[in-house]
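Presented below is the structure to which this report refers.
The values are calculated or read from the model by the stated rules, or taken from the named source; none is laboratory data. Predicted model only: the values in this text are computed from it and were never measured. As a convention, Cβ positions derive from the backbone with ideal geometry for all residues, glycine included, and neighbour counts pool all protein chains shown. Side chains included, ligands, DNA and RNA excluded: accessible areas come from the protein's heavy atoms. Shrake-Rupley method; radii C 1.70, N 1.55, O 1.52, S 1.80 Å.
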Amino acid sequence: MKEKIENYTGPAAGWGAVKAVAEAIREQMDIVPDIITMFEMNKPQGFDCPGCAWPDPKHSASFDVCENGAKAMAWEATAKRATLEFFAKHTVSELLTWNDCDLENEGRLTHPMKYNEQTDCYEKIEWNDAFAQIGQRLSNYSDPNSVEFYTSGRTSNEAAFLYQLFAREYGTNNFPDCSNMCHEPTSVGLAASIGVGKGTVLLDDFDKADLVICIGHNPGTNHPRMLSSLREVSKRGAKIIAINPLKERGLERFTYPQDPIEMLALESTPLAGYYYKVRIGGDTALIKGVIRIIIEHHDAAVAKGQASILDNEFISTHTVGFEELKHDVLSTSWDDILSVSGMTRDEMEQIAQLYIEAKSTIICYGMGITQHQHGTQNIQQLINLLLLKGNIGRDGAGICPLRGHSNVQGDRTVGITEKPSQSFLDKIEQRFGFKPPVAFGHAAVASMQAISEGKVNALICMGGNLAVAMPDKDACYSGMKKLDMAVHIGTKLNRSHLLTAKNTFLFPVLGRTEVDIQKSGPQSITVEDSMSMVHASHGKLKPASPYLKSECAIVAGLAKATIPNSKVEWDDFIDDYDKIRDAMEAVLPGFEDYNKRIRIPGGFHLTNAAAQRKWLTQSGKANFITTEGVIEDPESATHSELVLATIRSHDQYNTTIYGMNDRYRGVFGQRDVIFISEAQAKKQKLSAGDRVNVIALDNRQNRTKRRLDNLKVVIYDMADRCVATYFPEANNLIALDNFDPQCGIPAYKNIPVILEKASAVS
Ligand SMILES: Nc1nc2c(c(=O)[nH]1)N[C@H]1C(S)=C(S)[C@@H](COP(=O)(O)OP(=O)(O)OC[C@H]3O[C@@H](n4cnc5c(=O)[nH]c(N)nc54)[C@H](O)[C@@H]3O)O[C@H]1N2
Ligand SMILES: Nc1nc2c(c(=O)[nH]1)N[C@H]1C(S)=C(S)[C@@H](COP(=O)(O)OP(=O)(O)OC[C@H]3O[C@@H](n4cnc5c(=O)[nH]c(N)nc54)[C@H](O)[C@@H]3O)O[C@H]1N2
Ligand SMILES: [Mo]
């Protein structure tokens with residue numbers, strides 16, 4: 001498509017989405033039989049959408065597929081194949097010169113392969129031979145902690161459970177995970193505040209809320225099925241507030257493609273009636289400001305003998321820490337609050353009023369909140385706001401993190417964690433009879449640091465594109481080359497697969513859309529959505545090649561070859577996944593009658609103690625947590641007022657680039673752009689179409705200057721004193737040690753930068 005920047009005037013979804021779905025399918029699939037597959041998505045006997053983790057309303061028979069879900073499905077169910085002939089024709093060195101989109105667009109991997117250094121090509125290997133070679137290497141390493149077991153979040157509950165079992169029997173808790181780059185602040189921050197590291201709302205709560213606050217997420221692109229829930233909220237007359245540095249069309253207006261009247265009349269439903277453009281990194285400041293106003297109104301009302309604004313009863317029975325919070329917000333200076341948030345006091349007053357007026361409020365958030373040095377603190381401020389009016393643990397109220405990958409939450413639930421609890425380890429020991437390691441292992445940043453320092457022998461990747469998804473491309477890429485062994489289990493070719501170790505294996509795996517036949521017949525797997533609903537998924541399509549194995553079978557193959565006297569009944573498990581689930585039931589709390597309950601359409605809900613006002617915190621109460629200061633990176637802030645966030649385009653799934661368009665932001669045929677407000681551009685003496693170099697100020701590495709050159713300026717309706725560009729291209733701007741010290745999430749959305757005109761350098 002031709003390069004073009006234009007103002008997008010339409011609503012989110014609508015006919016544009018229908019057209020995009022048709023195109024995605026035309027480009028990837030054999031239309032007639034495969035389109036039927038799409039209708040099987042998120043249906044009782046169908047498969048779970050590999051797109052996002054937003055729950056399906058009723059698991060009903062209705063056709064509830066969104067544009068980006070359809071794209072994710074078409075991308076996986078593509079008719080294209082990356083065959084052995086393809087790999088014989090193209091050396092790894094040549095493939096490294098291809099772009100990310102072209103690599104994946106070659107199609108599905110068809111055979112297990114091993115890299116041959118002599119020919120510089122991937123070549124076919126028999127599964128058993130590969131397992132034996134890997135098993136031998138793993139057994140030879142003297143320290144199991146020199147191996148990293150990465151998981152990307154499409155992996156099923158069953159495969160993730162087996163994977164952690166294998167790694168733990170092998171002897172390590174090294175579980176870097178995509179969640180470490182995504183919702184780690186949710187796991188850590190919510191657990192400290194309310195005792196559970198997950199969201200507390202169900203879809204029904206959206207029918208009962210008076211106010212929904214959407215802060216730091218972009219559902220039009222990343223969770224499009226959420227738009228139908230927001231549409232219902234809006235149609236009911238409840239209010240929606242959006243807080244986002246960029247104007248995102250998906251938060252403003254939506255045409256529901258499944259509503260013929262809206263579609264034919266070219267109508268749309270307004271979503272957020274209130275839109276506030278917070279400055280990037282300004283959320284803690286903003287929420288502190290809002291809390292301060294609410295407390296001041298409350299005190300004034302009480303002094304006048306008027307009704308209380310805060311829920312005093314809830315605060316005194318259910319919480320601790322209110323007085324400290326009050327003291328902190330009242331003593332935070334307005335100057336700091338306003339300058340860091342980039343918002344006015346009037347705007348904060350409006351938000352406070354809407355919140356005061358609403359009986360029940362839900363706060364939804366995504367990466368705009370989490371991917372910060374203050375990620376954990378940001379979330380805790382959101383909880384503080386909710387606790388003021390008892391907005392946790394009752395109908396129509398609560399916290400709603402928008403999870404990332406479709407099963408990232410489930411993978412964590414079933415044991416993918418570098419810090420396992422003792423009770424979990426005890427249960428493993430009881431059920432399987434081996435002693436799992438107790439010492440905590442590596443999460444993503446620690447594992448990549450160890451890899452880049454050459455301290456890791458082997459990296460096993462259950463899906464994903466780790467080296468590209470992580471910060472500091474240079475460190476990641478060179479680190480991958482230092483490994484003795486890399487094992488990649490994926491559906492499609494990506495750059496991490498090409499950063500070959502001394503021994504590199506690339507395994508093709510069944511995707512969620514495909515039927516998985518084992519000895520006892522077709523198998524189902526299970527996943528957990530953003531709202532803790534666990535349900536089954538049944539693949540429907542013929543596998544992309546007869547040589548594919550399921551994730552579960554690959555883990556079992558690796559484990560058997562590595563641990564000859566394993567205590568785990570690997571063969572039985574693979575013959576019949578019900579047996580895996582029986583074992584999971586024995587180990588995991590909340591999984592009683594697992595096999596029975598996933599056979600009920602819609603599955604079952606994993607109960608959430610906080611949602612029942614049971615606080616599993618050390619204090620036994622919900623904690624108001626006071627966080628110090630409002631500036632994320634005070635040192636860098638003295639050198640530049642500009643912060644940069646890395647964001648997703650509409651045609652992308654993380655490191656998978658489907659195409660070069662970002663329709664709702666009016667960008668077509670290109671990705672090398674940087675978004676900036678009109679006022680800010682003027683201040684920087686820049687105009688639309690100018691080219692700039694971005695230089696990241698990195699005070700953690702002696703202020704090394706990381707740079708990304710030659711981005712095209714796009715004037716965009718967004719907050720001043722910040723800029724945005726796409727990931728993964730921008731990942732080298734972030735240092736590996738620029739993360740939230742409380743949970744380790746890289747600060748992908750808070751990079752202090754300066755801009756220089758591209759012509760100014762050679
Ligand atoms: N189609 C599609 N679907 C996806 C994905 C995908 O790549 N493509 N990825 C999946 C995954 S793994 C994830 S984690 C989710 C990600 O879903 P989102 O959380 O929506 O992800 P992003 O696009 O990274 O960022 C969201 C928003 O954060 C805003 N933002 C940036 N900085 C700040 C800030 O400082 N404060 C505030 N308040 N907002 C800020 C940006 O303007 C942007 O609108 O989506 C999942 N679903
Ligand atoms: N700068 C910046 N960096 C970021 C982010 C950001 O906002 N800004 N976001 C971060 C976030 S939230 C995340 S989650 C990470 C994503 O990091 P990852 O999860 O590591 O990356 P993906 O791009 O989702 O992985 C794509 C690959 O997964 C494989 N795959 C797809 N489906 C399957 C399957 O069913 N099974 C298996 N085994 N493999 C499969 C394919 O081979 C495909 O190439 O990136 C992070 N990186
Ligand atoms: Mo994510």
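To one decimal place, what Kirkwood hydrodynamic radius in Å is obtained for the range 472-513 from all pairs of distinct Cα atoms? Numbers along the way, then the final one.
Working: mean 1/r = 0.0908 Å⁻¹.
Roughly 11.0 Å, rounded to one decimal.
Only Lys, Arg, Asp and Glu count, each charged at its Cβ (+1, +1, -1, -1), so figure out the dipole size of the chain about its Cα centre, rounded to 20 debye.
On the way: 81 positive and 95 negative charges, 89 e Å.
Dipole about the Cα centre, nearest 20: 420 debye.
Can you tell me the FRET efficiency between Thr344 and Gln422 if r is taken as the Cβ-Cβ distance and R0 is 60 Å, rounded to the nearest 0.05? Each step should come with its number before you reach the end.
Working: r = 50 Å, r/R0 = 0.83.
Efficiency at R0 = 60 Å is approximately 0.75.
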Taking H placed 1.01 Å from N in the peptide plane, check which residues at least 5 places from Ser550 or on another chain put their amide H under 5 Å from its amide H. Leu510
Amide H neighbours of Leu697 under 5 Å, counting only residues 5+ apart in sequence or on other chains, H built in-plane at 1.01 Å? Val753, Ile754
Residue among Phe505, Val515, Thr491 farthest towards the positive dipole end of the range 491-533, charges placed on Cβ: Phe505
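What value does the range 309-390 have for Rg/Rh, both radii from Cα atoms and Rh as Kirkwood defines it? Working shown, then result.
On the way: Rg = 13.6 Å, Rh = 14.2 Å.
Taking Rg over the Kirkwood Rh, I get 0.95.
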Using a probe radius of 1.4 Å on heavy atoms only, what accessible surface per residue do you get for the chain? Whole Å² is fine. 36
Relative to the first principal axis of the alpha-carbon coordinates of the chain, what is the inclination of helix 473-482, with its axis defined by its Cα atoms, in degrees from 0 to 90 and to the nearest 10? 20
Point-to-point label distance, Gln353-Glu429, nm (Cα→Cβ direction, 7 Å offset): 6.1
Using only Cα atoms, locate the centre of the range 503-523 and the centre of the range 74-107, then give the distance between them in Å, rounded to an integer. 20
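If you take the square roots of the eigenvalues of the alpha-carbon gyration tensor of the range 559-687 and sort them as a ≥ b ≥ c, do you get rounded (a/c under 1.5), prolate (a/b over b/c) or oblate? Don't skip to the answer; put the middle values down first.
Numbers: a/c = 2.57, a/b = 1.70, b/c = 1.51.
Note, shape of the range 559-687 comes out prolate.
Assuming R0 = 35 Å, what is the FRET efficiency of Arg599 and Glu126, from their Cβ-Cβ distance, to the nearest 0.05? Walk me through the numbers before you get to the answer.
Numbers: r = 36 Å, r/R0 = 1.04.
Computed FRET efficiency for Arg599 and Glu126 comes out at 0.45.
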Over the heavy atoms of His318, what accessible area does a 1.4 Å probe trace out, to the nearest 10 Å²? 40
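Could you tell me the ratio Rg/Rh of the range 56-187? Both radii from Cα atoms, Rh via Kirkwood.
Details: Rg = 18.9 Å, Rh = 18.4 Å.
The Rg/Rh ratio comes out at 1.02.
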FRET efficiency for Asp672 and Asp717, Cβ-Cβ distance as r, R0 = 25 Å, nearest 0.05? 0.75
Taking a label point 7 Å from the Cα of Ala758 along the Cα→Cβ vector, which residues of the range 634-653 have an amide N closer than 20 Å to it? 644-647, 649
Okay, helix-only estimate at 222 nm for the chain: each DSSP H run of n ≥ 4 adds -39500 (n - 2.57), divide by all residues, round to 500 deg cm²/dmol; what do you get? -9500 deg cm²/dmol
Might you report the magnitude of the Cβ-based charge dipole of the range 385-491 about its Cα centre, with Lys and Arg at +1 and Asp and Glu at -1, to the nearest 20 debye? 220
Considering the dipole of the range 588-702 built from charges on the beta carbon (Lys and Arg +1, Asp and Glu -1) around the Cα centre, which of Gln684, Thr627, Leu644 is farthest to its positive end? Thr627
In sequence order, calculated HN-Hα J values of the range 281-293 (Karplus, 6.51, -1.76, 1.60; Hz; x Gly/Pro): x, x, 5, 4, 4, 4, 5, 4, x, 5, 4, 4, 4
Convex hull volume per residue for the range 220-352, taking Cα atoms only, in Å³: 155
Backbone HN-Hα couplings from phi across the range 502-511 [Karplus 6.51/-1.76/1.60, Hz, Gly and Pro as x]: 4, 10, 10, 10, 10, 10, x, 10, 5, x
For the Cα atoms of the chain, what angle does the longest principal axis make with the long axis of helix 127-140, in degrees from 0 to 90, nearest 10? 70
Could you list which residues have their amide H under 5 Å from that of Val723, counting only those 5 or more apart in sequence or on another chain, with H placed in the peptide plane? Val643, Leu644, Ala645
Size of the range 104-252 along its principal axes in angstrom, Cα-based, largest extent first? 64, 40, 28
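Tell me whether the range 507-547 comes out rounded, prolate or oblate; compute the Cα gyration tensor, take square roots of the eigenvalues as a ≥ b ≥ c, and use a/c under 1.5 as the rounded threshold. All intermediate terms of the calculation are to be shown ahead of the outcome.
Working: a/c = 2.71, a/b = 1.81, b/c = 1.50.
Prolate, since a/c reaches 1.5 and a/b exceeds b/c.
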How much of the accessible area of the range 68-198, in percent, comes from carbon and sulfur atoms when a 1.4 Å probe is used? 47
Cα-projected label distance for Gln133 with Val18, points at 7 Å along beta-carbon direction, nm: 5.2
Three semi-axes of the equivalent ellipsoid, the range 490-593, Cα gyration tensor, whole Å, largest first: 25, 19, 15
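Cα gyration tensor of the range 619-762, axes a ≥ b ≥ c as square roots of the eigenvalues: rounded (a/c below 1.5), prolate (a/b > b/c) or oblate?
Details: a/c = 1.78, a/b = 1.41, b/c = 1.26.
It is prolate, given that a/c is not under 1.5 and a/b is the larger ratio.
For the chain, what is the percent of antiparallel DSSP beta bridges, rounded to the nearest 5? All intermediate terms of the calculation are to be shown ahead of the outcome.
Numbers: 41 of 93 bridges.
Roughly 45 percent of the beta bridges in the chain run antiparallel, per DSSP.
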What accessible area, in Å² to the nearest ten, does a 1.4 Å probe give for Glu126? 110
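With the cut-off at 11 Å, report for the range 410-453 the share of all Cα pairs above it, as a whole percent. Numbers along the way, then the final one.
Numbers: 661 of 946 pairs.
Pairs farther apart than 11 Å: 70 percent.
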Just the accessible area for Trp334, please: 1.4 Å probe, Å², rounded to the nearest 10? 30
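Rounded to two decimals, what ratio of Rg to Rh does the range 398-499 give with C-alpha atoms and a Kirkwood Rh?
Working: Rg = 15.9 Å, Rh = 15.7 Å.
Rg/Rh: 1.02.
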What length, rounded to one decimal in nm, is gained on full extension from His639 through to Val302, with 0.36 nm per residue of separation minus their alpha-carbon distance? 116.9 nm
Calculated on alpha-carbon atoms, Rg and Dmax of the chain in Å: 25.1, 84
Suppose the chain between Gln618 and Thr9 were pulled fully straight at 0.36 nm per residue; how much longer would it get relative to their current alpha carbon spacing? 214.2 nm
Scalar couplings 3J(HN,Hα) for the range 556-562 by Karplus 6.51 cos²θ - 1.76 cosθ + 1.60 (θ = phi - 60°), nearest whole Hz, x for Gly and Pro, are 4, x, 5, 5, 5, 6, 8
Of Gly273, Gly404, Ser545, which is farthest along the charge dipole of the chain in the positive direction, counting Lys and Arg as +1 and Asp and Glu as -1 at C-beta? Gly273
